[in-house]
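Undergrad: For reference, the structure I am asking about is given below.
The values are calculated or read from the model by the stated rules, or taken from the named source; none is laboratory data. Computed from a prediction, not measured in an experiment: that's the story for all the values here. Note that we place each Cβ from the backbone using ideal geometry, even for glycine, and neighbour counts take in every protein chain shown. Calculation scope for accessible area: heavy atoms of the full protein, side chains included, ligands and nucleic acids excluded. Shrake-Rupley method; radii C 1.70, N 1.55, O 1.52, S 1.80 Å.
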Amino acid sequence: MELETTLSQTIRTAGSNSDYDSACKRLLSEKIILAWIMKNCLEEYRECSISEIIEKYIEGEPQVAEVPVLPDQTNPSLIKGERTEDKTITEGTITYDIRFTATAPKSGEFIRLIINVEAQNNFYPGYPLLKRSIYYCSRMISAQYGTVFSSAQYDKIRKVYSIWICMNPPKSRENTITQYYIAEKSLVGHVTEKVENYDLMSAVIICLGKPDSENYHGVLKLLNVLLSSETTPKEKRKNSP
């Protein structure tokens, strides 16, 4: 399969690169790896096969590149960059490791999502990673103004995901995948709103770990092997999908 050959080449190149951070991003930007993450972490793709996600739902070619994104300007390329930057006049630059768009099946129709994937080596950077991931979600929604929707067209807002892959989490969080999202809660009386009207952002924290865990399988094992600085390129190719 061509995708497998491409992944194998990426692993070989990444394995000989001294820039570990860049190597991680290149591996994660491979469609077959993104598809595994999407199937295991995003509810929209649970019933899809890996090949379906690759061939039908991931839009464009996810790449790790320096693409400046200005949410203050109207520019269709805002949504198409895979590794992009959001910058305003009053703020510093925020760099997304990988960002891409995808369609998803829903009741016979298609919805469009914006997905961000981050590789994080330090679980304690001086602030809660979860807050940063929620901030990224918020920025991906606000950056849609002027590109996906304008004026009072808030019904066109696309759902966003920010997925964080943590290589060195604390022991208590090893080999876990946790999702944080907006939910409905009635405080007085009871009403029911359409889920799609509030389910607009979700943060997913993937914490890798050692093999001595009952959860060490599936996408957790795959990512742990691929992103390990101790595993040889030969071993990575052997264990890759």
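Undergrad: Testing Lys159 on (1) surrounded by 17 or more Cβ atoms within 10 Å (Cβ to Cβ); (2) touching a residue at least 60 places away in the same chain (Cβ under 8 Å); (3) basic (Lys, Arg), one condition comes back false. Which one is that?
TA: Failing condition for Lys159: (2).
Undergrad: Right, next: Read through the list (1) under 19 Å from the mean Cα position of the chain (by Cα); (2) at pLDDT below 95, then give the number of the only condition that Met201 fails.
TA: Met201 satisfies all of (1) under 19 Å from the mean Cα position of the chain (by Cα); (2) at pLDDT below 95 except (2).
Undergrad: (1) over 22 Å from Trp36 (Cβ atoms); (2) without any contact (Cβ under 8 Å) to a residue 40 or more places away in the chain: which one isn't true of Thr178, the others all being true?
TA: That leaves (1) as the condition not met.
Undergrad: Keeping to region 175-230, report how many residues are open to solvent by 20 Å² or more (accessible area, probe 1.4 Å) and assigned to a loop (DSSP other than H, G, I, E, B).
TA: So the count comes out to 27.
Undergrad: Which residues, taken from region 126-163, are hydrophobic (A, V, I, L, M, F, W, C), touching a strand residue (DSSP E or B) at 6+ places or on another chain (Cβ under 9 Å) and under 22 Å from Phe110 (Cα atoms)?
TA: Hits for region 126-163 are Cys137, Met140, Ile141, Ala143, Val148, Ile157, Val160, Ile163.
Residue-by-condition table, conditions (1) free of Cβ contacts under 8 Å to residues at least 12 places away in the same chain; (2) within 20 Å of the chain's Cα centre (by Cα); (3) farther than 30 Å from Cys24 by Cα:
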{"residue": "Asp155", "(1), (2), (3)": "yes, no, yes"}
{"residue": "Glu174", "(1), (2), (3)": "no, yes, no"}
{"residue": "Glu184", "(1), (2), (3)": "no, no, yes"}
{"residue": "Gly189", "(1), (2), (3)": "yes, no, yes"}
{"residue": "Thr192", "(1), (2), (3)": "yes, no, yes"}
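Undergrad: Determine whether Ile134 is under 13 Å from the mean Cα position of the chain (by Cα), at pLDDT 60 or above and either on the phi > 0 side of the Ramachandran plot or open to solvent by 60 Å² or more (accessible area, probe 1.4 Å) (or both). Working first, answer last.
TA: Details: under 13 Å from the mean Cα position of the chain (by Cα): yes; at pLDDT 60 or above: yes; either on the phi > 0 side of the Ramachandran plot or open to solvent by 60 Å² or more (accessible area, probe 1.4 Å) (or both): yes.
Yes, satisfied.
Undergrad: Would you check which residues across region 137-156 are in a strand (DSSP E or B) and open to solvent by 30 Å² or more (accessible area, probe 1.4 Å) and list them?
TA: Residue satisfying the conditions is Tyr145 alone.
Undergrad: Mind telling me which of the residues Asn168, Asn116 ends up being in a loop (DSSP other than H, G, I, E, B) and among the polar types (S, T, N, Q)? Outline the logic, then answer.
TA: Working: Asn116 fails: in a loop (DSSP other than H, G, I, E, B).
Going through Asn168, Asn116 in turn, just one is in a loop (DSSP other than H, G, I, E, B) and among the polar types (S, T, N, Q): Asn168.
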